Each structure stands twice: as C-alpha cells, then as structure tokens.
Amino acid sequence: MKKKMFLSLMVIVSLFIITGCSNKENYITDYEHLYDTAVQYIIDNDTNPEKNNDRYKMFVDYNGFGITEDENYRYVYMWIAEESYYIADNKIISGSGSSMPYKFTFELNDNKVVKIETPKDGNEYTSSIKEMYPDDIENKAINFQWKDDTLIKEVRNYYSDLKDKSIYYYSVDKNNNGEYIKLDK
C-alpha cells in the first residue's frame, strides 16, 4: 500500500515537472509600447495643483522590468520617475515629483489601463513590492536606483529660451516669506 501511494505521488510530481506547472511568469516581448502607454496614462491623469503655473510641464522617464500576461490581462512592471517644473520670475522651478516602481494592469484586448499599483510606504515597502512583482524581478525593483540625468537634460532643453538654466525650488518660511533656492542639479 505504501509503495502504491509513493508511486502515485511520484507520478503526480513528475507530471507537474513535465507540464511546467511552476510559479514562472509568462513574459511577452511584442508589447513594449505598453511602457509608453503607461507613461502617457500618468501624464494624462496629472492632478498636480501646480498645473496652473506658467509653462508647467511634467517630465517622465522610466525603466521597464518586464511585461507578462494571463488569460485576461497584461501586466507591465516598471520604474517611473516623474518631475514637474514651471517658470516663475524667469527661473525654472522644480515642483513635485516621484520616483518609484509601478505595476500597470491592462485589458488584454484593447490595452486599456484598468489598475495601477505602487508600493506601500515605510516598513511595508519591500513586502508590497514582493506582492506586486513576479519573484524573478522583484529584487530589481527593490534595489533599483534612479539617476535623473536624462530628465534634467530634457528640462533644460525644454526651457532653453531662458537665460538662467539653473533649477530652483521655492521655499516659504513660517512668516510666509518666500525665496528661491538653487538646486544642485
């Protein structure tokens, strides 16, 4: 009886191995345009209150980690850096921005974004990335470090008509006095 159970168990395990029933994701390669679609979605849904400032623009760059699909959806894993800038007193002013991993869920048939996920803050940051990302790329996102050199070049090029190409941020003290502080970018 024990031999029959052992043999049955071995047959089942062998079938799983042979049929490839594993935790591996199904990566696809013909859908790299979804990275750009995801970036455009971020730009189109910009709710930044700075949007009303003179010559406001959101600059976005990304690093793609991979795209997977199942029977219903495509999943796009990427790091997105976005920074907003505007002009005040003929100076380039750095507004808000973020740099973090994203998971976009697209409908399979029409490539429409149906869900966006970003990691949680603080102590839950790493565990939330592990929930969002496939096992074989989660460490890429956890250890990724963004360099914003490309974005800064784009910003300076976009505002090339200005004499001063330095980037500033506007700081207000407790007495509501404001000043422009030059950033080291």
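What follows draws every value from the coordinates through simple rules; no lab data is involved. Quantities reported herein were computed from a predicted structural model and do not represent experimental measurements. Because the Cβ atoms are built from the backbone with ideal geometry, glycine has one as well, and the counts that use them run over all protein chains shown.
Length gain on complete extension for the stretch N63 to T118, per 0.36 nm per residue less the alpha carbon to alpha carbon distance? Intermediate values should be presented prior to the final figure.
Details: separation 55, 0.36 × 55 = 19.80 nm, distance 1.48 nm.
18.3 nm is the gain from fully extending N63 to T118.
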Simple label model, 7 Å out from Cα along Cβ direction - Y158 to D36, nm: 1.8
Residues whose placed amide H lies under 5 Å from that of I167, excluding near-sequence neighbours: L183, K185
At 1.002 mPa s and 20 °C, Stokes D of the chain from Kirkwood alpha-carbon radius, µm² per second: 109
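Stretch D184-N139 to full length: gain in nm at 0.36 nm per residue minus the Cα-Cα span? Could you put the intermediate results ahead of the total?
Working: separation 45, 0.36 × 45 = 16.20 nm, distance 2.99 nm.
Here the answer is 13.2 nm.
At R0 = 35 Å, how high is the FRET efficiency between V172 and D46 if r is their beta carbon distance? Nearest 0.05 is fine.
Working: r = 23 Å, r/R0 = 0.66.
After rounding to 0.05, the efficiency reads 0.90.
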Signed unit charges on C-beta, dipole axis of the chain, positive-most listed residue M58, V76, Y133: Y133
Cα-centre dipole for the chain with unit charges at Cβ (Lys and Arg positive, Asp and Glu negative), debye to 20: 620
Cut-off under 5 Å, modelled amide H: who pairs with G66 long-range: Y77
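Determine, for F106, F59, F144, the number of other Cβ atoms within 10 Å of each Cβ, and report the residues in order from fewest to most.
On the way: F106 22, F59 19, F144 14.
By the 10 Å Cβ count, ascending, the order reads F144, F59, F106.
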